[in-house]
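Everything on this sheet refers to the single structure shown next.
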Amino acid sequence: MAHVTLKGITKIYDGDVLAVEKADFQIPDESFTVLVGPSGCGKSTILRMIAGLEEVTEGEIYIDDERVNDTPPKDRDIAMVFQNYALYPHMTVYKNMAFGLKLRKYPKSEIDQRVNEAADILSISHLLNRKPKHLSGGERQRVAVGRAIVRQPKVFLFDEPLSNLDAKLRVQMRMEISCLHDRLNATIVYVTHDQVEAMTMGDQIVVLNEGKIKQIADPGTLYHKPANQFVGGFIGTPPMNFINTEIVNNGNSPKLRFEGFEVELNHDLQSVISKLSGKLVTLGIRPENIHVGEDGRNQVLTQVELVEPLGNYALLYLRTEKSSFVAQSNLVDLPQHNTPLTVNFDIDKAHLFHPDTGESLTAV
């Protein structure tokens, strides 16, 4: 396998449409790196530049230590799995998987060995004589992955490969691709807009928005220490709550105030607040850290707008006069719509963000 290095990669379309701006990061050997972000953030463009399907406007791409900016796609030793599978409808599964090797004039015995090994890994040996029209969506996806495996490339590229599958099958295929990565010790670059896919599959996640990298980290760091408000809101389901607050000083203990409610801060957050020159700050808190009940020091009286029971827990959509946020509750007796409810903020799990830049004041 191989490592991939991107140095200041920029892509501009039609002279003035900036798709990717100075992407600078490394994909380690044998890693599972996920590029994630909303539609139009530049993640697929980066993948296609690595593959050689898009020209690089500025910057350099290296596979291992070889600069590949001017290397044709067929000579980069990569294999790509597309969103639409891209199978030849008139060929059997076997011929689809063998086609790339046949073009490269591999011996028939080696082609046969590689195809059968890949089919065995993916549990599709019984499908080798079928054509794509006789396969389910999940089976077609396995064939597309198998076609990449037989190449034994340096790098596997996956471009939203599960987006056409139903929810249950996506979960199954997530597990299968993750197990495949472990089995092959492969270097994988995987593009998705689904943050659940990113968090469950990647060991390195690159979060993008509007063509810019917002944070690169492992799943735990992204969730617990987001570098900015965008990452905090994008990673996690439901997303982090954000509340605009005012800093008030009562003696030597600064607090946060919004709509008449005061939130006490622990020592670490007080230290962060003391370094701010302004009087405003954005409080970020995840739904599971807002607890129902009147016991606690940071009580907020809310109105219940909506209750979503989800089996072993429920989501409570709450509002105050000017703010709204979501809490996660394990209550057996759930509150009714349009009823008052007191909640407490677990401030030890809270985050503070700069009100203008959105950058985290608490991530280290």
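The values are calculated or read from the model by the stated rules, or taken from the named source; none is laboratory data. As the structure is a computational prediction, the values presented were derived from the model and not from experiment. Virtual Cβ from ideal backbone geometry, glycine too; neighbours counted across all protein chains shown. Side chains included, ligands, DNA and RNA excluded: accessible areas come from the protein's heavy atoms. Shrake-Rupley method; radii C 1.70, N 1.55, O 1.52, S 1.80 Å.
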Taking the Cα centre of each part, how many Å lie between the range 185-216 and the range 287-338? 31 Å
What is the range 239-364 by shape, rounded, prolate or oblate, if you read a ≥ b ≥ c off the alpha carbon gyration tensor as root eigenvalues and call it rounded for a/c under 1.5, prolate for a/b larger than b/c, and oblate otherwise? prolate
Neighbours of Asn84 by Cβ distance under 13 Å: Lys/Arg at +1, Asp/Glu at -1, summed charge -1
Which whole-Hz ³J(HN,Hα) couplings does the range 61-69 yield from phi under the Karplus relation 6.51 cos²θ - 1.76 cosθ + 1.60, θ = phi - 60°, glycine and proline marked x? 10, 10, 10, 6, 10, 9, 5, 10, 3
Relative to the longest principal Cα axis of the chain, at what angle does helix 108-121 sit, 0 to 90 degrees, rounded to 10? 30 degrees
Solvent exposure of the chain as accessible area per residue, Å², 1.4 Å probe: 49 Å²
Which residues' amide hydrogens lie under 5 Å from the amide hydrogen of Thr302, considering only partners 5 or more residues apart or on another chain, with H built in the peptide plane? Leu341, Thr342, Val343
Once amide H atoms are built 1.01 Å from N in the peptide plane, which residues 5 or more positions from Arg76, or in another chain, come under 5 Å H to H? none
Place a label point 7 angstrom from the Cα of Asp203 along the Cα-to-Cβ direction, then list the residues of the range 65-82 whose backbone nitrogen is under 20 Å away. 65, 79
Quick one: grab the alpha carbon gyration tensor of the range 90-154, order the square roots of its eigenvalues as a ≥ b ≥ c, and give me rounded if a/c is under 1.5, else prolate or oblate depending on whether a/b is larger than b/c. prolate
Nearest 20 debye, what's the magnitude of the dipole of the chain about its Cα centre given +1 on Lys and Arg Cβ and -1 on Asp and Glu Cβ? 1360 debye
If you split all Cα-Cα distances of the range 293-364 into 10 Å bins from zero, what percentages do you get per bin, shortest first? 17, 42, 30, 11, 0
Tell me the carbon and sulfur percent of the accessible area for the chain, rounded to whole percent, probe radius 1.4 Å. 47 percent
Under the 7 Å Cα-to-Cβ spin-label approximation, Asp24 and Ser39 lie apart by a distance in nanometres of 3.2 nm
Under a 10 Å cutoff between Cα atoms, tell me which one of Asn244, Asn330, Asn96 has the largest fluctuation in the Gaussian network model of the chain. Asn330
For the Cα atoms of the chain, what angle does the longest principal axis make with the long axis of helix 137-149, in degrees from 0 to 90, nearest 10? 70 degrees
What do you get for the angle between helix 167-184 and the principal long axis of the chain? Use alpha-carbon atoms, 0 to 90 degrees, nearest ten. 60 degrees
Cα shape, the range 62-182, gyration tensor, a/c 1.5 rule: oblate
Taking only the Cα atoms of the range 123-227, how large is their convex hull per residue, in Å³? 123 Å³
Using every pair of alpha-carbon atoms in the chain, split the distances into 10 Å bins beginning at 0 and state the percent of pairs per bin, rounded to integers. 5, 21, 25, 21, 15, 10, 4, 1, 0
Paired Rg and Dmax values of the range 1-63, which use every Cα atom, in angstrom: 11.5, 36
If you take all C-alpha pairs in the range 28-100, what percent of them are over 20 Å apart? 44 percent
Distance in nm between label sites at Thr320 and Glu262, each 7 Å beyond Cα in the beta-carbon direction? 1.3 nm
Number of Lys pairs (Cα under 21 Å; 8 or more positions apart or on different chains) in the range 22-124: 7
Would you mind computing the Rg to Rh ratio of the range 1-139 from its alpha-carbon coordinates, Kirkwood style for Rh? 1.03
